[in-house]
1. Search region 173-206 for residues being without any contact (Cβ under 8 Å) to a residue 40 or more places away in the chain and within 20 Å of Gly233 (Cβ to Cβ), and hand back the single one that is surrounded by the most Cβ atoms within 10 Å (Cβ to Cβ).
2. Provide a single number: the residues in region 319-352 that are surrounded by fewer than 16 Cβ atoms within 10 Å (Cβ to Cβ), within 20 Å of the chain's Cα centre (by Cα) and more than 29 Å from Ser48 (Cβ to Cβ).
3. Among residues belonging to region 366-390 that are among the charged types (D, E, K, R) and more than 17 Å from Asp262 (Cβ to Cβ), point out the one that is surrounded by the most Cβ atoms within 10 Å (Cβ to Cβ).
4. For Ala139, all conditions in the list (1) surrounded by fewer than 22 Cβ atoms within 10 Å (Cβ to Cβ); (2) not assigned by TED's automatic domain parsing to the domain that holds Ile321 hold save one; what is the number of the exception?
5. In this structure, does Ala316 turn out to be surrounded by fewer than 22 Cβ atoms within 10 Å (Cβ to Cβ), in the same structural domain as Arg71 (by TED's automatic domain parsing) and touching a helix residue (DSSP H, G or I) at 6+ places or on another chain (Cβ under 7 Å)?
6. Suppose we filter Ala330, Ala292, Ala316 for residues that are outside any loop (DSSP other than H, G, I, E, B) and under 16 Å from Phe57 (Cβ atoms); which single one remains?
7. Ser337 passes all but one of (1) in contact with a helix residue (DSSP H, G or I) (Cβ under 7 Å, 6 or more places away or on another chain); (2) farther than 20 Å from Thr62 by Cβ; (3) part of a helix (DSSP H, G or I); which number fails?
8. Can you pull out the residues in region 108-157 that are of a type in the set (A, V, I, L, M), within 22 Å of Tyr255 (Cα to Cα) and either more than 10 Å from the ligand (Cβ to nearest atom) or in contact with an Asp or Glu (Cβ under 9 Å, 6 or more places away or on another chain) (or both)?
Amino acid sequence: MLPTINSLARWAGATVALTALSASLASAQTTGKLKVGFMLPYTGTFASLGTAIENGFRQHVTELGGKIAGREVEYFKVDDESEPSKATDNVNKLIKRDQVDVLIGTVHSGVAMAMAKAAKESGTLLIVPNAGADAVTGAMCASNIFRSSFSNWQPGYAMGEVMAKKGIKKVVTITWKYAAGDESVKGFKESFEKGGGTVVKELSLPFPNVEFQGLLTEIAATKPDAVFTFFAGGGAVKFVKDYAAAGLKGTIPLYGSGFLTDGNLDAEGAAADGLFTALHYADSLNTKRDNAFRLNYAKTFRMQPDVYAVQGYDAAQMLAIGLNATKGDATKSADISAALRKATIDSPRGPFTISAAHNPVQDFYLRQSSAKEKENKVIGIASAKLADPGRGCKM
Ligand code: BEZ
C-alpha cells in the first residue's frame, strides 16, 4: 500500500521533532552548568589529602573565573573514606544520582580502581588527581580516563635508581599491603636490583594499620644498609615518628617516596629531619610558576600547598584543556584525549606531558626534608621525564 499524504506528513513531523530533540540534547552537553563530582577522602588517614586536592582544583577554576570552556562549574561531593568496599556505591551517587559530567577522584588506589571500572562502563570522564594504581593507566586504560598525578611505579622506580647509584646494597622495604604499597615497592625493586642492589626482606601491614612496633624490631634485627618505604597521610606521620623513637633513624637510613613527608613536616617535626625522598614536587622549586601558585594557595586557604594541592590544580588544568577542544562537551573522550596528548601542562611542579596511556611524563625530584625550615628541599633530579611503562594498556 502506498503511504498517504497524512502519514508522510506525520513521519516528516516526527523526524523534525527528533532532530530538534537530538540538537537540544547535544547543546545540553556543551551549555548549562558543568557538573564536577569530587569523590575524595574527607575522613580517615587521607582526609587532609582530599581537602588539598579539592582546594587546588577550586583554585584553578577560580583563576578561570568560575567557568571551564564557557560553562559555569557546579560541584558535587562524596566522602569515599578511602574504603574500597563502598567505592562502587559511592561513585554511582555521582554518576547516576547527580549525573555529573566529570569525576575527580580519588586518593586511595583500591577506591580508584572501582572508580575507573564505573567510568569505563558509563563513559563518564574521569581525572584521577592522586591514586597511583598502575592499572588505571595500564590494563584498565580508556579514552575517558586520565591521571594528573603519577603511577605508583614512578616514585618507587626513581628512588631505586638513586639508592643503587649511592652504592647501597641491602634494603628492607616496609609498606601497607595494598596496591599503592605493593606497586611502589615493585617499582623500587625493578630499578634498585637493575642497579646492583638486593631487597632482602619485604615487610607490610594491612592498610590503614599503624602498629609498626613488631616490624621495626624485625628491621633492627635484619640490619640492612637502608630501608625503603611507602606510607602517606596520617599513617606516614606515625611511621616516621615511630622509626625515630625506635632508635633506627641514626643507624639505618630511611628513604621513601615523597608521600612520606609531603604535607606532613609540621606533624613529623625533628623525626623527619634529613630524610631523603623522591617525588614529582618539592617545596623549594623557586620557579615563577610555583611561587605564584603557592602564594595564591596560601592566601586563599591559609595553609601551605603540597603535592596533593598541585595534583588537584593540574586536574582542573587538564579538564580545561580537554573541554576547550570540545567546546565544553565532556562526552567527546577521543577529542579530549587527542588534545591532552598534544599538550604540555604548565604545572607548578614544572611542565609535563601526557603519555599514550594518559599518565604524566614528568621529572622526579630528589628531596631532603628540613624540620627547621619545614620544607622538602630539592637536592636534584632523581629521574628526568620518567614515563610509566603503561603495561597492559590497549586503547
Ligand atoms: C594511593 O593509594 O595510590 C596513594 C595514597 C596516598 C598517597 C599516594 C598514593
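The values are calculated or read from the model by the stated rules, or taken from the named source; none is laboratory data. These figures come from a predicted structure and were not determined experimentally. Note that each Cβ is placed from the backbone with ideal geometry, even for glycine, and that neighbours are counted across all protein chains shown.
1. The selected residue is Gly187.
2. 2
3. The extreme case among them is Asp388.
4. All conditions pass for Ala139, except number (2).
5. Answer is no for this residue.
6. Exactly one of Ala330, Ala292, Ala316 is outside any loop (DSSP other than H, G, I, E, B) and under 16 Å from Phe57 (Cβ atoms), namely Ala316.
7. (1)
8. Ala133, the sole residue that qualifies.
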